[in-house]
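The values are calculated or read from the model by the stated rules, or taken from the named source; none is laboratory data. What you are looking at is a predicted structure, and each value in this text was computed from that prediction instead of being measured. All Cβ positions, even for glycine, are placed from backbone atoms using ideal geometry, and neighbour counts span all protein chains on display.
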Amino acid sequence: MTGPRKPGFLPPVPKALFWVLFAAYIVVRGGFLGVLGYEVDVNQYKEWALGSGLYGLPSAYERTSVDYPPVSLAVFWLVGKAFVLSQPPFGPGPISVEIVPTWWIKFPHLVFDLLLGALLYRIVAVRRLWGSSSHKAAGHGRLAALCYWWNPAVLFGSAYWGQLDALHALLVVGSIAALGGDRLIVSAACLAAAGLSKPLAAPLVPLLVFAAALRRGFRGVVVAGASGLAVAILAFSPFWATGRGWAAVERVFFDLGIMPYTSLNAHNFFWLWGAWQPANEPWLGPLSPSMLGLGVFGLVLVVLLAFNGSWFRRASGSSYEAGLFVIAAATVASFFFFSTHMHENHLFLAVPLLIAVAGRSPRLAALAGAASVAVFMNEFLHDPEIPLGLPGFLSATSKAVDPHMGRPYTVLQVLGSLANTFLVAVIVLGTAAEALRLGRERDQSEEGA
């Protein structure tokens with residue numbers, strides 16, 4: 001994996017075709033801006049935006065139901081503040097969230113998706129992460145951007161549902177790219193900001209620390225830690241400065257277990273063994289599902305890092321950067337599969353991570369495609385309305401009851417979610433195998449020498 005197996009096996013996209021597809025994408029995304037999508041979540045985002053816009057960012061954790069970390073909250077505050085300033089003064093009394101147009105909430109999603117596609121273009125076209133020749137690099141960069149923008153997981157989760165996954169993913173991809181260039185300060189700052197937008201960045205912290213320690217020693221770890229800490233202090237500073245710091249910390253960190261279930265519609269290991277079950281009660285002897293899941297994930301992560309210890313020290317250039325993306329994708333996929341508290345869209349981060357290296361080998365391209373399908377199907381099968389509105393036998397009800405919605409699953413939901421869980425398992429095994437191949441190829445090259 002350190003060197004691309006078949007460089008250029010994916011076709012480059014000509015500039016003219018790219019701009020046509022980009023223009024079409026803007027039209028499609030524009031059409032989605034006014035669609036309510038996942039109504040409960042979008043209305044909740046409206047409440048966060050409106051409340052923080054009216055009462056100020058520092059008051060948001062006390063005056064609204066927001067439980068996202070401060071970086072994501074800052075996005076909703078900016079939207080809410082702009083909306084409030086665009087309106088005549090509000091009178092006393094309750095204000096309905098319906099006053100906020102849906103496109104105000106969804107527009108930042110489009111902006112971050114566009115930025116992430118542009119970042120993938122740069123990674124592939126300028127950094128040559130696909131191993132492209134000079135005359136194909138720009139065309140492959142355009143293909144990478146289009147693979148993200150037109151991805152079914154992006155169109156469904158971000159454009160239709162209105163989930164704010166692109167911000168978190170943009171920061172993580174930027175962090176891994178910076179780590180590949182040994183820019184520890186930038187990498188740690190981006191990863192800290194990612195974690196302060198969604199806690200799903202936390203499993204990648206050991207990867208950053210491990211790389212910093214092996215390549216820069218103790219000083220590297222201190223520099224990265226200081227950078228991340230500075231971002232965290234900056235993110236929480238508006239709350240501490242107004243005497244509301246503890247309220248913010250309490251909401252962000254102590255509300256992580258607000259829905260303490262094994263699987264919240266996530267197609268992972270705990271979906272097979274019982275979704276929507278208590279995650280913190282004893283399950284195997286004194287061990288709870290949460291303890292077991294984190295234990296297995298921790299073991300996988302230790303193996304992924306320890307097996308590649310020598311590779312971390314010796315790898316360089318695009319091979320090193322690509323390997324980091326593969327290890328990061330394996331980490332994200334394993335965390336999703338083995339951890340409790342996972343939602344339908346929590347595998348989303350694996351999609352851009354794998355697109356970043358998809359052109360290096362057919363195996364990685366297949367994994368990127370599989371991750372795209374898995375995330376899309378996980379969301380599609382648990383949409384509150386679509387599965388029930390499909391024609392004919394596709395919406396036929398089963399005997400299994402959805403504990404979340406309090407109604408029977410359709411046959412398609414039951415069979416589709418089972419098949420998709422096994423697809424996620426394949427992604428976990430496939431990304432782990434690609435990550436472990438880094439160390440094996442290093443050993444083989446040394447033997448050959």
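Side notes on the structure shown:
- Test: residue in region 307-316 that is free of Cβ contacts under 8 Å to residues at least 24 places away in the same chain and surrounded by fewer than 22 Cβ atoms within 10 Å (Cβ to Cβ): yes
- Residue check for residue 174: at pLDDT 95 or above and either of a type in the set (Asp, Glu) or within 17 Å of the chain's Cα centre (by Cα) (or both): yes
Per-residue answers, yes or no, for (1) touching a residue at least 12 places away in the same chain (Cβ under 8 Å); (2) over 20 Å from the mean Cα position of the chain (by Cα); (3) in a helix (DSSP H, G or I); (4) surrounded by fewer than 22 Cβ atoms within 10 Å (Cβ to Cβ):
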| residue | (1), (2), (3), (4) |
| --- | --- |
| 290 | yes, yes, yes, yes |
| 302 | no, yes, yes, yes |
| 323 | yes, no, yes, no |
| 336 | yes, no, yes, no |
| 353 | yes, no, yes, no |
| 371 | yes, no, yes, no |
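- On the stretch given as region 153-179, residues that are hydroxyl-bearing (Ser, Thr, Tyr) and surrounded by fewer than 23 Cβ atoms within 10 Å (Cβ to Cβ) total 1.
- Filtered residues of region 271-288 (kept if free of Cβ contacts under 8 Å to residues at least 12 places away in the same chain and at positive phi): 285
- Options 93, 117, 80: the member that is more than 30 Å from residue 143 (Cα to Cα) and either surrounded by 23 or more Cβ atoms within 10 Å (Cβ to Cβ) or touching a Phe, Trp or Tyr at 6+ places or on another chain (Cβ under 9 Å) (or both): 80
- Qualifying residue in region 136-148 (condition: under 22 Å from the mean Cα position of the chain (by Cα) and under 28 Å from residue 305 (Cα atoms)): yes
- Residue ranges of helices (runs of 4 or more DSSP H) in region 14-113 with at least 2 members charged (D, E, K, R) and either under 24 Å from the mean Cα position of the chain (by Cα) or at pLDDT 95 or above (or both): 15-32, 39-55
- Whichever residue in region 405-418 is outside any strand (DSSP E or B) and surrounded by 14 or more Cβ atoms within 10 Å (Cβ to Cβ) and, among such residues, is farthest from the chain's Cα centre (by Cα): 411
- Qualifying residue in region 156-165 (condition: of a type in the set (Gly, Ala, Ser) and over 16 Å from the mean Cα position of the chain (by Cα)): no
- Some residue of region 117-128 being touching a residue at least 12 places away in the same chain (Cβ under 8 Å), β-branched (Val, Ile, Thr), assigned to a helix (DSSP H, G or I) and closer than 22 Å to residue 386 by Cα: no
- Residues that are of a type in the set (Phe, Trp, Tyr), surrounded by fewer than 24 Cβ atoms within 10 Å (Cβ to Cβ) and touching a residue at least 12 places away in the same chain (Cβ under 8 Å), drawn from region 192-245: 210, 236
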